[in-house]
1. With respect to Ala260, is the statement that it is in a strand (DSSP E or B) and not β-branched (Val, Ile, Thr) true?
2. If you scan the range 373-391, which residues turn out to be small (Gly, Ala, Ser) and loosely packed, with under 14 Cβ neighbours inside 10 Å?
3. If you scan the range 635-645, which residues turn out to be crowded, with 17+ Cβ neighbours inside 10 Å and either among the hydrophobic types (A, V, I, L, M, F, W, C) or within 27 Å of Tyr505 (Cβ to Cβ) (or both)?
4. Run down Val131, Val124 and say which single residue is in the same structural domain as Ala284 (by TED's automatic domain parsing), more than 12 Å from Gly161 (Cβ to Cβ), outside any loop (DSSP other than H, G, I, E, B) and modelled with pLDDT of 85 or more.
5. Condition first: part of a loop (DSSP other than H, G, I, E, B) and modelled with pLDDT of 95 or more. Now tell me which residues in the range 332-344 satisfy that.
6. Pairs needed: first member in the range 534-556, over 25 Å from Ser635 (Cα atoms); second member anywhere, at pLDDT 75 or above; C-beta distance under 6 Å; at least 6 residues apart or different chains.
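The values are calculated or read from the model by the stated rules, or taken from the named source; none is laboratory data. Not measured: the values here are computed from a predicted model. Note: ideal-geometry Cβ built from the backbone for every residue, glycine included; neighbour counts use all protein chains shown.
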Amino acid sequence: MKKHLILVMFALTASNVFAQSAAPQNVYGCMPLPSDSIFYARVDSLPVLALSSEYTAHMGNATLNFDSSLGVTVADNKTPVTKFSFLYTPGYNALSWSFPPYYELDRQAGSLGGGNADHHSITVQHQTCTVYEIYHDYISASTGTVQPVRCGSGLCTATSGFQYGSSTDAMPSYGTTDAAGLPLLPLLWRAHEIMDGNLHHPARFTLAKGYIQAGNPMWPAIASNGWGGVDWPAYGTHFRLMASANINVSTLTPVQLQYAQTIITALKQYGLILADIGSNMQVAVDDEVRRNPDLVKALTVVGSQIHASNLEAVDVSSLKFSAASYRTTLPMTFDPANQVMVGTPYTYLNIQAGVTGYPLQSWVNGSTDQEVNWSVQSGNIGSITADGLYTPPASVTGVVTGVLKVAAAVDATAYSTVYVRILPEGVIRVAAGNQMTTTTDHLGQVWQPNMFLSGGGMQMFAGDYPGWPKPQNATQAAELPVYETFAYTYGDDIVGNFVVPNGAYRVHLMFGQPYFGKHPANCTLPATLHGPLTLESQHTSIAQNFDFGQAIGHVCAVPVDFYMPAVVTTNTLEFALRNTTPPGAFAPASPTLSGFEIIPDPPSAHLEIYPEQPTKVAAGASLQLYAIGWYMSNSVQWVLVSGPGSISSSGLYKAPAKAPATPQSVVIEAKSTANPGVTKTITLTVP
């Protein structure tokens, strides 16, 4: 059979291709494990395992995919410390665990409270360089049942946990959060590593359960739970892309090609390690990957051409120093105890033109000298002082990208990078779906592709197959791309974070429930794709238990809009859609967002009232009202001015149990407790 593949090779001359950093992996200025561990060893010159062909023959027909993502959260000495009670790793119960509020989670196959869902979290304390990993958060350690409380009575619960750092290669004493007993972070490909061209470690990957050997884990794995025989790969099996594999990258842009070459090289030099049961041939990357359309494209093109037959199992036994250690017989190439590393809290910086002197954060580990030198590495992205005061251009046309670099003054080879996206001044508009290019609506307004949202693990940017009704006119056709795709997470949070000029803003959240499959005659919302949510602006809760599905009577393809105020005094604007888990709930909401706008807004103190559903309230039904204080407190007194029913102090209107003989109007007033002269009324109808 002739294979019509074209191998296209370009010289990597782009200005943001960096020389290799001294450390093989830099996570917020920390090395997860010592550099002599198996997770930093090249395997391209090692022999092939005797059963390699049998292994790959039993791995199915899928190609590599990068749909599984894990979030990594940074912590410091000010981050709250708590205790955990673990079901599988009780030996770690005596340890303290550092997790900031709203840390990133990987829900994988289900939402919070889902009994068969994986709920991983990874936090790096950048001052101690301790890595904290938790599996199956919110599960009661005593019973194994759902415990949908983040942390109750000062004690958190989870199935398992694991702590480690770069000071030792010792195997875990009581297991890890991984099915194979492996650490997660050293096997997680992160966006900045690929974009920098510094990807020097393997990635974890999963196979379907029928493709994994029962028992007999291979070093460095220490556990197994497969079903197959000896000809199936075991947990811990190390694979690499064959040196002869030709990957067609002719369709990629120069930037995408640069990323693809980094990925292909890492697959050949460092490979993949089988770590868990999951989607077949699924490779773990971090959440930040999904915020770069060029990176998504490169991963997709490369992965779609790699079958199991393009891989070979590697015999790493010659590298094993001890069965009780991750250490190899190779020398240590980097010692974080005596060498310098630089960290920042950013992978991307979303900043608007016109901001001046924005201070960027960084830190130096391995030295008492914290002095750094910031510089513009690539792009026409303005200027930055050596100590990190960044000023983007005063005006740009379209989104402008570039790279900032921060290096330690004591060692210029120790550095970190920040990928900058400069947005045009004025209104920020983002279509929060899976579009890779800009969209122009019927008014000529440009909507950016979704590069700006972050969220917990497994954030998806799904199409709608086709979902929304066929456009009936040019206006509808222009609006469709904004609504027909959406961003969502499995029961976790969606967060937007921007650096903007100080002032007042109106944050416009755009919801629209899609269909899946054909356009049905009667469409209702899946329970996990609407609410309840907590909507936040500037770290302040604006609406609690918000359910946008109720706003449209649980009918699909109907837009829902919600507006929140944001007052910016330190150049940072953040909004969030947070999962709300009522006590005892089993399947909580998965935040969903079709698009958003950030609109400069002249501040004028006033109240607005948002109903949670259409303003017709049937007899015996309830309607939650929200009073939003614009540039003033949200605290109000609710008053039933006229009409039947009742209103609670929290804004819950209850219609009378018996329907009136004729439709009745109900007038409800919200009166500011801080300024009683500021009021707002809404009229409801009880039919």
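1. When the stated conditions are applied, Ala260 does not pass them.
2. Hits for the range 373-391 are Ser383, Ala386.
3. Val636, Trp638 - these are the residues of the range 635-645 that are crowded, with 17+ Cβ neighbours inside 10 Å and either among the hydrophobic types (A, V, I, L, M, F, W, C) or within 27 Å of Tyr505 (Cβ to Cβ) (or both).
4. Testing whether each residue is in the same structural domain as Ala284 (by TED's automatic domain parsing), more than 12 Å from Gly161 (Cβ to Cβ), outside any loop (DSSP other than H, G, I, E, B) and modelled with pLDDT of 85 or more leaves just Val124.
5. Val340, Thr344
6. Partner pairs satisfying both residue conditions: Ile552/Val560.
Table: residues versus (1) exposed (fewer than 15 other Cβ atoms within 10 Å of the Cβ); (2) touching a residue at least 40 places away in the same chain (Cβ under 8 Å); (3) among the polar types (S, T, N, Q).
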{"residue": "Ala618", "(1), (2), (3)": "yes, yes, no"}
{"residue": "Leu623", "(1), (2), (3)": "no, yes, no"}
{"residue": "Tyr626", "(1), (2), (3)": "no, yes, no"}
{"residue": "Trp630", "(1), (2), (3)": "no, yes, no"}
{"residue": "Ser633", "(1), (2), (3)": "yes, yes, yes"}
{"residue": "Ile647", "(1), (2), (3)": "no, no, no"}
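Here is a yes/no grid of residues against (1) more than 24 Å from Pro559 (Cα to Cα); (2) touching a Pro at 6+ places or on another chain (Cβ under 7 Å):
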position	(1), (2)
Gln624	no, no
Ile647	yes, no
Ala661	yes, no
Val666	yes, yes
Ser672	yes, no
Thr679	yes, no
